[in-house]
Amino acid sequence: MAEAVVTEPYPTVAPAQLAARYGLRAAGERPGIREYIRSLWAYRHFIVAFANARNVATLTTARLGQLWHVLTPLTNAAVYYLIFGVILGTSDRIENFVAYLCCGIFIFGYTSAVASAGTVSITANLNMIRALQFPRASLPLSVTITQLQQLLASMAVLIAIVLVTGEPPRLAWLTLIPLLLLQTVFSGGLAMLLGRLGSKIVDLKQIMPFVLRTWLYGSGVFYSLTTATDNMPTWASTLLHLNPMLVFIELAREALITTTPPSHFSVESMWLVALGWAIVMGALGFFYFWRGEKEYGRG
Amino acid sequence: MAETRIPTVVVDDVHIVYRVHGAAKDNSPLGALRRIASRGPSATVREVHAVKGVSFVAHEGEAVGLIGTNGSGKSTLLRAIAGLLPATKGAVYTKGQPSLLGVNAAMMADLSGERNVVLGCLAMGMPKGEVRTKTQEIIDFSGINERGDFSSLPMRTYSSGMGARLRFSIAAAKKHEVLLIDEALATGDAKFRKRSEDRVRELRAGAGTVFLVSHSLSSVRDTCERTIWLESGVIRMDGPTDEVLAAYEEFSTAK
């Protein structure tokens, strides 16, 4: 520093005092949680635009383009039907197995896609994070919205399947709206939780597929978990039935299919469990993500 | 001394040590196992002491050039000012939220230039209505439509110069209190460079402070009246651009 030419105009004032006098803020300070929520709200247009952009961008090079949003869930349902309905014959005890299966696949697929995209939502957008200042929770949240849009396409397919397989249109279908809302809050919280974890533990991305597959098999997507756990002690069966994905799936089946096999819990208690999961995961994910706000993009 | 000069950036004895992941010398699976088994300090992480005790104050309406040889800590310092890298010791105080404008600013390569403009503006926190009115202005400024309708083509079809011009145009569309520019002006052609230098001047006139990191001494000379010369993470000289550049040129040719 000996050679430095000093142009400092306030040689007598300490830098920290100078900063305080002119109301400068220390760079890299974490905002308060209320301020953070407010800034997220201010960025809502960005969150939605980013979600739309990603939805469009994934399919720009495909020749059938946006049609894949509908074709993907249809193909998915066809594959699982072939294996579990036709070849393995899991469908014996369940009436309207096609609708039963599709409910499971689409509802599970939503949260599962959010979880895997959420895990990389920070690490995949490092360039953006390093270039621009915006509330980072915008990224996992926009991932959730991208998947929600795809779920809505899947839901249109599902409604068509349900009608074709002979279910009558009912008022109960409307319960899908609060259900998907709860599931979205749950998934958003999960995306934020995994977003921060994934930015800290880089190897999580490699582990997630296995976690998600285990979760898939444990959520009664292809079979009735209630029948499968008949011989278990009650506490174990209850524990398995508290699985949030199972609850979301069962509630969707209750809404769409008249011949759903009875579940472990009553419908009312399943709604309570769903509400509980949404609140806990939403709040926990948000709080955990906010705590790390200034860590993202460093190193 | 002019008491009216209002400081916008105060850098107080800043040290930055950053950690580099994936820097293992032995990258084989066996090496990874050995590292886990030996439980020593993770050898995949190495520390780099990039900035060693830098202090200065920048004021409203000032354009400050940052020069120095490669690896002297210029870009690291900019990131610290932008709040993107933590100072290991010391502190950085800024007015408002500084925006770092680098040539690597990410955009979505599969989307059209126009959609990227909208997205970029929203990401900077511009209100929706303003974005709508500014979009065409930004595309015109970047000049990417000079050879046909490029703004509706995906960004992956752009040349690197076109991409950099669009990025600069987006960042420069918003009024920043503190704008940090990392090598961005060097990418465009002569015509665009002239336009962007004018824009930097405008931003400064709007009571902003501009930091410019560049290896192009002529663009530092044209835009900045004050220059800080960093060498190995230490300020070697800080003063009027002409004096600093003269000393720097002497230093570079002497080597």
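Once you've got the GNM for chain A with C-alpha springs shorter than 10 Å, pick whichever of A:ALA172, A:ALA53, A:ALA236 has the biggest mean-square fluctuation.
A:ALA236
Taking B:LYS128 as the anchor, which aspartates and glutamates have their alpha carbon closer than 18 Å to its alpha carbon, excluding any fewer than eight residues away along the same chain?
Counting by Cα, and skipping residues close in sequence, B:LYS128 has these aspartates and glutamates nearby: B:GLU114, B:GLU137.
Report the B-A buried area as the accessible area lost on both sides summed, probe 1.4 Å, in Å² to the nearest 100.
For B against A, buried area totals roughly 3900 Å².
For the stretch A:89-140, evaluate the Debye formula with one uniform point scatterer on each Cα (no solvent term) and list log10 I(q)/I(0) at q = 0.15, 0.26 Å⁻¹, rounded to two decimals.
These q points yield log10 I(q)/I(0) values of -0.57, -0.95.
Where the accessible area of chain A is counted over protein heavy atoms with a 1.4 Å probe, how much of it, in %, is carbon and sulfur?
Answer for chain A: carbon and sulfur cover 66 percent of the accessible area.
With charges set only on the Cβ (+1 for Lys and Arg, -1 for Asp and Glu), what does the dipole of the stretch A:32-291 come to about its Cα centre, in debye to the nearest 20?
Around 1120 debye, computed over the stretch A:32-291.
Counting each pair of different Cα atoms once, what's the Kirkwood radius of the stretch B:188-254 in Å, rounded to one decimal?
Value: 13.0 Å, from the Cα pair sum.
So how tilted is helix A:33-42 from the main axis of chain A? Cα-based, degrees 0 to 90, rounded to 10.
The two axes meet at around 80 degrees.
Quick one: grab Rg to one decimal and Dmax as a whole number for the stretch B:107-175, Cα atoms only, in Å.
10.8, 30
Which residue fluctuates the most in chain A, going by a Gaussian network model with Cα springs under 10 Å, if the choices are A:THR227, A:THR214, A:THR61?
Highest fluctuation of the listed residues: A:THR61.
Sequence-distant or interchain residues sharing an amide H contact under 5 Å with B:GLU231, placed H: which?
Here the answer is B:ARG236, since their amide H atoms fall under 5 Å of that of B:GLU231.
If you take the C-alpha gyration tensor of the protein assembly as shown, multiply each eigenvalue by 5 and take the square root, what semi-axes do you get, largest first, in whole Å?
With the √(5λ) rule applied to the protein assembly as shown, the semi-axes are 53, 26, 21 Å.
Taking the Cβ of A:THR61 as the center, what net charge do the other residues with Cβ under 10 Å away carry, scoring Lys and Arg +1 and Asp and Glu -1?
Result for the neighbourhood of A:THR61: +1.
What percentage of the solvent-accessible surface of the stretch B:107-175, computed with a 1.4 Å probe over protein heavy atoms, is contributed by carbon and sulfur atoms?
52 percent
What translational diffusion coefficient, in µm²/s and rounded to a whole number, does the Stokes-Einstein relation yield for chain B at 4 °C and a viscosity of 1.567 mPa s, taking the hydrodynamic radius as the Kirkwood radius over Cα pairs?
For the chosen part, D equals 65 µm²/s.
Select from the stretch B:106-155 all residues whose loss of accessible area on going from the chain by itself to the full protein assembly reaches 50 Å² or more (probe 1.4 Å).
The answer is B:ALA106, B:MET108, B:ASP110, B:ARG115, B:LEU119, B:LEU122, B:ALA123 - residues whose exposure falls by at least 50 Å² when every protein chain is included.
Got a sec? Charge dipole of chain B, +1 on Cβ for Lys and Arg, -1 for Asp and Glu; which of B:THR88, B:SER214, B:GLY73 is way out at the positive end?
Value: B:THR88.
With every protein chain kept in place and ligands, DNA and RNA left out, what is the accessible area per residue of the protein assembly as shown? Probe 1.4 Å, answer in Å².
Per residue, the protein assembly as shown has 46 Å² of solvent-accessible surface.
Starting at 0 and stepping by 5 Å, how many percent of the alpha carbon pairs of the stretch A:32-291 end up in each bin?
1, 6, 12, 16, 18, 16, 13, 9, 5, 2, 1, 0
Against the globular-protein guess of 2.2 N^0.38 Å, express the Cα radius of gyration of the stretch A:179-299 as a ratio, rounded to two decimals.
Ratio of Rg to 2.2 N^0.38 Å for the stretch A:179-299: 1.22.
With r as the distance between the Cβ atoms of A:VAL211 and B:VAL17 and R0 = 35 Å, compute the FRET efficiency 1/(1 + (r/R0)^6) and round to 0.05.
It comes out at approximately 0.50.
The values are calculated or read from the model by the stated rules, or taken from the named source; none is laboratory data. Since this is a predicted model, take the numbers as computed values, not measurements. So basically every Cβ, Gly included, is an ideal-geometry build from the backbone, and we count neighbours across all protein chains shown. Side chains included, ligands, DNA and RNA excluded: accessible areas come from the protein's heavy atoms. Shrake-Rupley method; radii C 1.70, N 1.55, O 1.52, S 1.80 Å.
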